[in-house]
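To start, the structure under review is shown below, and the notes come after it.
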Amino acid sequence: MKNIFFTLISFLTLSMSAQINEEDQLEIEKSKTFSIGVKAGVPNIISINGEFVLPVLNNHFAPYVDYGSFGLDIEDTETTLKYIEYGLNIYMGNKGKGLYVGAGSGTLKNEFTFNNLTFEENGVSLQGSATTQLDINALNLKLGFKTGGTFYFRIEAGYGLGTIPDTLNFTASSGGITETFTEEIPEIPGIGTNGFAIGNIGFGLSF
């Protein structure tokens, strides 16, 4: 009889301990509302990412922001790109992790320096360079997955819907000569006339 009573008490104690540990773990997971990390892929190349899981409505909604800046040399064109995106991730589960869909506003700020341009006026010809800018705005739709824990890993895929011209028209001056040019936009990986592909992996810390 004593053995049965002792076994029953032990079982109840272990069950209560397991339940408390599970509740503590859930509380720990719920408290990890802020994440900061890096992403690598397209169109961002490399960017810093921040996300805040709202501690209301069962942790489904998480505003986010991405920022990246990088340079590319394509043939005779030097390209500097800055990528800014902000939006909202909606998690399928209630712990701010796992599968999610995202929607946001993305802006790809491009600065192109075209080299070896020919400036001509009154029989005078010279070679020079000119810089112009193009901002691409897009509606980004994504599907992603994020792991839980203090150290997280995420993966995303989607598309940014926007209109991108094939050429740039600009006026530049060099050596006192002013010339109007029409230049093709360099082929940037993942970018087409209707928008740009989104595909990246990321990792970071959650608090």
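The values are calculated or read from the model by the stated rules, or taken from the named source; none is laboratory data. A quick note: this is a predicted structure, and the numbers were derived from the prediction, not measured. Counting neighbours? That spans all protein chains shown, and the Cβs are built from the backbone with ideal geometry, glycine included.
Odds and ends about this structure:
- Flag: A130 does not match the condition of being in the same structural domain as D166 (by TED's automatic domain parsing), within 13 Å of the chain's Cα centre (by Cα) and in a strand (DSSP E or B).
- Filter pass, G68 being in a strand (DSSP E or B), in the same structural domain as I198 (by TED's automatic domain parsing) and in contact with a strand residue (DSSP E or B) (Cβ under 9 Å, 6 or more places away or on another chain): yes
- Qualifying residues in region 155-185 (those that are in contact (Cβ under 8 Å) with a residue 60 or more places away in the chain and closer than 30 Å to H60 by Cβ) - the one farthest from the chain's Cα centre (by Cα): G160
- Qualifying residue in region 159-170 (condition: under 30 Å from K95 (Cβ atoms), in contact with a strand residue (DSSP E or B) (Cβ under 7 Å, 6 or more places away or on another chain) and crowded, with 16+ Cβ neighbours inside 10 Å): yes
- One residue stands out among those in region 171-202 that are among the hydrophobic types (A, V, I, L, M, F, W, C) and under 29 Å from V65 (Cα atoms): the one that is surrounded by the fewest Cβ atoms within 10 Å (Cβ to Cβ), which is I201.
- Considering region 43-77, and only residues there that are modelled with pLDDT under 90 and touching a Leu at 6+ places or on another chain (Cβ under 8 Å), the residue that is nearest to I164 (Cα to Cα) turns out to be P43.
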